[in-house]
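Working notes, beginning with the structure itself.
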Amino acid sequence: MRRTLFVGLLALLIPGFAHAQSQPYRVAFDLTSRDSLDQKAVLRWIREVGTSSPNAQMEVVMYGKGIELVMPERSAYAAEVKEAIKNPNVTFKVCAIALRNNNVAASQLFPGVQTVPDGIYELVSKQQDHWGYIKVGH
């Protein structure tokens with residue numbers, strides 16, 4: 001009886017597990033800090049995820065002072081950002097409100113960096129679309 005119950009439960013769980021494993025790997029990183037350790041961390045995570053899961057889709061959403069990561073004049077990691085931008089599965093998106101609040105023009109960002117009307121809304125939308133969410137911190 002126990003064996004039959006175990007086999008029955010296993011039969012019910014396996015399709016759910018298989019479905020979970022077939023879901024795409026998509027993650028949005030929330031960067032609000034100008035702290036160089038936070039910026040270094042998100043770039044490291046992009047490299048690590050991209051290495052372990054080459055098809056993973058990654059998006060770094062920046063607002064507040066996090067926008068400095070993708071500003072050539074202020075970024076401590078310009079070479080790393082340029083390299084990450086080359087990956088077609090990585091996008092960098094900057095909040096237009098943060099740009100306005102910091103008196104920064106979109107032209108002051110690295111080529112390839114996108115702007116979104118509202119960075120928080122971008123993150124909420126990604127989560128509603130079943131993207132993972134990681135708040136960047138060290």
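The values are calculated or read from the model by the stated rules, or taken from the named source; none is laboratory data. Because the structure is a prediction, the values reported are computed rather than measured. Heads up, the Cβs are rebuilt from the backbone with ideal geometry, glycines too, and the neighbour counts pull from every protein chain shown. Just the protein is used for accessible areas: all its heavy atoms, side chains included, with ligands, DNA and RNA removed. Shrake-Rupley method; radii C 1.70, N 1.55, O 1.52, S 1.80 Å.
Computed values, structure above
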quantity: Matching helices (runs of 4 or more DSSP H) fully within segment 34-138 where at least 3 residues are β-branched (V, I, T) and at pLDDT 95 or above; calculated: 36-52
quantity: Residue count for segment 39-57, restricted to those that are within 13 Å of the chain's Cα centre (by Cα) and either open to solvent by 50 Å² or more (accessible area, probe 1.4 Å) or of a type in the set (D, E, K, R) (or both); calculated: 5
quantity: Test: residue in segment 58-65 that is surrounded by fewer than 20 Cβ atoms within 10 Å (Cβ to Cβ) and among the hydroxyl-bearing types (S, T, Y); calculated: no
quantity: Residue within segment 101-112 that is closer than 24 Å to W45 by Cα, open to solvent by less than 40 Å² (accessible area, probe 1.4 Å) and not small (G, A, S) present; calculated: yes
quantity: Flag for A84 being over 13 Å from the mean Cα position of the chain (by Cα) and small (G, A, S); calculated: no
quantity: All positions within segment 74-98 that are surrounded by fewer than 17 Cβ atoms within 10 Å (Cβ to Cβ) and among the acidic types (D, E); calculated: E83
quantity: Pairs with Cβ under 6 Å, 6+ apart, first in segment 114-125 and touching a residue at least 12 places away in the same chain (Cβ under 8 Å), second open to solvent by less than 70 Å² (accessible area, probe 1.4 Å) and aromatic (F, W, Y); calculated: G119/Y63
